[in-house]
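This report refers to the structure that appears directly beneath it.
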Amino acid sequence: MKKKLIMVLTSFFVLTACAPNFGEQEEIVQEIEDESKEQAIIPKYNISDSYYKMILPFKPGEARGLVSEQLNTRLDIDEFETGLMRVAQDTFSPDKYLYQEGQYLTGEVIQGWLNRKLTGEKLKNEQEKAKEAKKEYTEIGLNPALPEEGNLEELHSENPIYLSHILEHNYLIREDDTVELGGVVIGLAMNSVHYFQQEDGYAREKRISTSELLAKGKEYAQQVINRVRNTKGLGNVPIVIAIYEQEKKSSIVPGNFVTKTVVKAGSNSLGKWEGIDEDYYFFPSDEATSDYRDDAQMFNRFKSDVEEFFPNYTGVIGKAFYKNGELNYLDIEIPMQFYGKAEVIAFTQFVTGKVMEYFPDYVTLEVNVMSTTGQEALILKEPNQEEPTVHIYK
């Protein structure tokens, strides 16, 4: 369902950007770092208080598409980006700021920073090239060098790739009829598992602890802020840097942001690191039962009722998002085989009643009822909403 909603909203934004006479939107002037100006539009409506308004026409980021090449799963790709927007809200309020994809750090620059440091013959060759060009060689790779000699498994275990990706978001602030860059948020995606191949061709992996990746992430953050400050247009804006712990490739839930720091405008000094208490859990699972027993039991009671009601039951699963130790959002998927629309209606009515019976008012809830042919029904409930929104697909 999420994919369908995004497609509809995207179409809406494209149409409004092209419409010549859409009186509900505001026209503004965007200041560019080279002192040029461009006409832009601010949409009148925002789909949620959780999202920023985005100026139109939409400008793709300079490093567009790179994130999908660097992160392990689609779950991590989505969470890294949307989670970074969530982190930004503590510093750049959606009431005052507009969102724009990163326009300053190019894909080539970011890829260079993600590389390993050079060593041995590779380092010598690059130094000689720089010397011939009458330039000073500068090491740009942030990940540790991989020595050319030694046992490959030991070398990778001692020198894993810690930094997986760097993501830039821009936040624009409005001054009368003009918007200009008001702040930048940069996410550092760190690997919790480093994957590599042994000499025999078999895949190996090295687990990286949270404490180890945090230490490296904070080290890289200082180097990144030094480089960002030397980037044209970013020398004098506040910058937030957040560290994200990426999950392993086989995970059925995404990773999460673990800490952030704010760098004041014009400064290269990192502020105090603040912990971010967010996490995802899969229901049902031993981990969820261990950490959040009451919520796990609540989900299991809901699941049992579904099993008893419908003979063609195939499974109920949930993805829960916790913030500051409290259940914030729960996405439930119920895949079943239906034999008629009447069954869909009856079952959806039943599930809606159970949603109201079991789950607390403060939780945002989404239930997707699926069949082999696609989505059959959607139930959405926002916090303190008296009646959920229910849609049965025709």
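The values are calculated or read from the model by the stated rules, or taken from the named source; none is laboratory data. Remember, predicted model here, so these are calculated numbers, not experimental data. We place every Cβ from the backbone using ideal geometry, glycine too, and count neighbours over all the protein chains shown.
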TODO: Looking only at the stretch 317-338, decide whether some residue is crowded, with 20+ Cβ neighbours inside 10 Å, farther than 30 Å from G217 by Cα and in contact with a Leu (Cβ under 6 Å, 6 or more places away or on another chain).
DONE: yes
Open item on the list: Just to verify a result, which residue in the stretch 311-358, among those that are of a type in the set (S, T, Y) and more than 21 Å from T389 (Cβ to Cβ), is farthest from the chain's Cα centre (by Cα)?
Closed with: Y339
Task: Matching residues, the stretch 314-330, being part of a strand (DSSP E or B) and over 14 Å from P360 (Cβ atoms) - done: I317, G318, K319, F321, K323
Task: Members of the stretch 255-297 found to be under 30 Å from V228 (Cβ atoms), of a type outside the set (V, I, T) and not in a strand (DSSP E or B), listed by number - done: G255, K264, A265, G266, S267, N268, S269, L270, G271, K272, W273, D277
Task: First in the stretch 351-374 and not assigned by TED's automatic domain parsing to the domain that holds A296, second anywhere and assigned to a strand (DSSP E or B), Cβ under 6 Å, 6 or more apart - done: none
Task: Considering residues of the stretch 57-88 that are outside any helix (DSSP H, G or I), surrounded by fewer than 19 Cβ atoms within 10 Å (Cβ to Cβ) and touching a strand residue (DSSP E or B) at 6+ places or on another chain (Cβ under 9 Å) only, the residue modelled with the highest pLDDT - done: T73
Open item on the list: Tell me whether the stretch 335-345 contains one or more residues that are outside the structural domain of R229 (by TED's automatic domain parsing), part of a strand (DSSP E or B) and in contact (Cβ under 8 Å) with a residue 60 or more places away in the chain.
Closed with: no
Open item on the list: Of the conditions (1) within 26 Å of L84 (Cβ to Cβ); (2) part of a strand (DSSP E or B), Y362 satisfies every one except a single condition; which number is it?
Closed with: (2)
Task: Residue that is nearest to Y244 (Cα to Cα), among those in the stretch 279-310 that are of a type in the set (A, V, I, L, M) and at pLDDT 95 or above - done: A288
Open item on the list: Which condition from (1) over 25 Å from V258 (Cβ atoms); (2) in contact with a helix residue (DSSP H, G or I) (Cβ under 8 Å, 6 or more places away or on another chain); (3) touching a residue at least 24 places away in the same chain (Cβ under 8 Å) is the one that I317 breaks?
Closed with: (2)
Task: Single residue of P335, P383, P388 found to be of a type outside the set (D, E), within 23 Å of G83 (Cβ to Cβ) and modelled with pLDDT under 95 - done: P383
- [ ] Find the strands (runs of 3 or more DSSP E) located wholly in the stretch 93-211 whose residues include 3 or more that are surrounded by fewer than 16 Cβ atoms within 10 Å (Cβ to Cβ), and list them.
- [x] 203-207
